[in-house]
Amino acid sequence: MTEHTAPPDPRAQASLRIVDTQRKPVTLALLAAVVFFLLLGGKNFWQQEYVVAGLCALATVVALLYAHAIYRRLPNPLSDIALAFIVVAVLAVTIHKRDLVGVLWAPPLMLMMHLVSRRQVSIGFDTLAMLIAAVHCYQHHDVDTAFRVTVILLITSAFAHIYARNVEGHHRVLDEQREHLDLMVRCAAVGGMEWAVDDERAQPPERLAHWMGLPNTPGEAPARIRLRDHVSAEHRDELARLLAQLVQGHTEPHGSRHSPPQDLRVVRPDGQEVWLHAEFMALSDAEGKPVKVVATFIDISRLRAAEADTLAALQRQQELNELRARFVAMTSHEFRTPLAAILSSAELLDHYGERLPIDERQAVLKGIHDGVHRMTHMLDRILLINKADAQMLECRPQPLHLAQALAQIAHELIPGGGAELDRLQIDVTPPDAQSRLDAKLLQHILGNLMSNALKYSPPSSPVAVHAVHKDNDVVITVDDQGIGIPDDDLSELFEPFHRCSNVGERKGTGLGLTIVKKSAELHGGHVTVSSQAGHGTRFTVRLRQGEPA
């Protein structure tokens, strides 16, 4: 948070501190003084009193400078000492030339000095003014006149001093209020902007310009902008409609109209996304016509990010719940079948083992082994996915002959050979290509893809497996003429335990494609699929050689 210090004594600043409600009257009074000095200076110049005419010209310039500074809220155009010398000279010459009429100029000059100069300078001017007036009255009139004039000027000085102190106290209170308001605004991270109804371009404050990522040169005000040009496209039309409704019709004289809060997304030039909570208010003139729009903004980017994280966590929790439901359904089905076979086989051996022929006994034992092997294979797959998720599965590329590796995977997939093996049409380009891949992960990839292609396609249809080297990659495609994949299942095809809606009674765990995807990613590659229900499927796997992820 930016540190704040107490403002210095306003009387010690070289700035004009006129109450806003008196700024216009004081400016008009100074302009009236300008007219008077012009007339008086012209008259003295015509009468060849050039000294008085010169002082009137100087007083005219000073009055114009201060009128402009007061009206525009600018700093003092002259130093307090220089102003005091000029005013003393003008007062002395005026009293000398106009006698008691010149003395009448002392009270307004005292008040002006108390308003625009430091306390010590204004008190010094009052003392010199009273001394000049008293000496002049004593020399040209009598002691009583000098005394009366001095008392009147002393009372005038006191009232001017009291009035200036009241103005100073008023400004001190305003400074404290501004300081508190600024602190509250900074703590609340609020930005504001206002613009005329007939011109939507406005200069944003420094905080809002920083939020929007607008170019801002230190020491220079940000350029004028139109708010709707900086919000994202999806909010632009809604913002235009809201602002148009806000300024339509009339309200009570000097009334206001508020709009519903609006959340706006702003994309900064550097691509960063900022969310602003905006509220708009239209201010009306004396006739009730909206003339100005005031907008306040709060940066809610962190709140939006927290909401997004919460929604993502909820989505992830829903996915985990669905995954758990799939796991329970799959295991209850996939384990129940082999367990039932194992149990029935064990009971058969227990009750009739001695009476069973050797070949039937071997068949029963083979059923037990097959059931155990099926459950073990499924558990191995689950453990493999868990290792990949925990980043414990490693990719260790080694040189291998790609054609031989694919042929070996095919023979391990179909140990007995025969017609089922003949369905696999394996082609490697070039045939003698040497690759640097992880043999185990390659077996996981092609074993699952070949197995699925054979399982989900007609018994007589071929399955084409083609591998080719492209740059530093190995691209492998597996094409079948099977049942294909419905469009609704493509988005979740590689999720664990997901099985397509058209698989029917074909057995499976829904883990094979998940293993394919994770194995390809460990090679620094990826897998894509193109399919249409009833017209076959093509899987394309791209593997980066020798660069494990």
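The values are calculated or read from the model by the stated rules, or taken from the named source; none is laboratory data. All values reported here derive from a predicted model rather than from experimental measurement. Here Cβ is always computed from backbone atoms with ideal geometry, including for glycine, and neighbour counts include all displayed protein chains.
Some notes on this structure:
- Remark: Ala89 matches the filter, which requires a residue to be closer than 16 Å to Ala57 by Cα and of a type in the set (A, V, I, L, M, F, W, C).
- Those helices (runs of 4 or more DSSP H) of region 402-463 in which at least 3 residues are modelled with pLDDT of 85 or more, considering only elements entirely within it, cover 402-413, 439-455.
- Candidate set from region 260-305 (those that are among the small types (Gly, Ala, Ser) and more than 20 Å from Leu208 (Cα to Cα)); member that is surrounded by the fewest Cβ atoms within 10 Å (Cβ to Cβ): Ala286
The rows are residues; the columns are (1) crowded, with 17+ Cβ neighbours inside 10 Å; (2) modelled with pLDDT of 80 or more.
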{"position": "Ala129", "(1), (2)": "yes, yes"}
{"position": "Tyr138", "(1), (2)": "no, yes"}
{"position": "Ile155", "(1), (2)": "no, yes"}
{"position": "His170", "(1), (2)": "no, no"}
{"position": "Asp175", "(1), (2)": "no, no"}
{"position": "Glu179", "(1), (2)": "no, no"}
{"position": "Val185", "(1), (2)": "no, no"}
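- Flag for Leu437 being surrounded by 15 or more Cβ atoms within 10 Å (Cβ to Cβ) and under 17 Å from Ile483 (Cβ atoms): no
- Of all residues in region 480-507, those that are surrounded by 16 or more Cβ atoms within 10 Å (Cβ to Cβ) and among the small types (Gly, Ala, Ser) total 2.
- Hey, His210 modelled with pLDDT of 85 or more and not hydrophobic (A, V, I, L, M, F, W, C) or not: no
- Scanning region 100-127 for residues that are touching a Cys at 6+ places or on another chain (Cβ under 8 Å) and surrounded by 18 or more Cβ atoms within 10 Å (Cβ to Cβ) yields one hit, Val103.
- Region 499-544 - residue that is basic (Lys, Arg), assigned to a strand (DSSP E or B) and in contact with a Gly (Cβ under 8 Å, 6 or more places away or on another chain) and, of those, nearest to Asp471 (Cα to Cα): Arg544
- Residues that are out of contact with any Leu (no Cβ under 9 Å at 6 or more places or on another chain), part of a helix (DSSP H, G or I) and touching a residue at least 12 places away in the same chain (Cβ under 8 Å), drawn from region 73-96: Asp80, Ile81, Leu83, Ile95, His96
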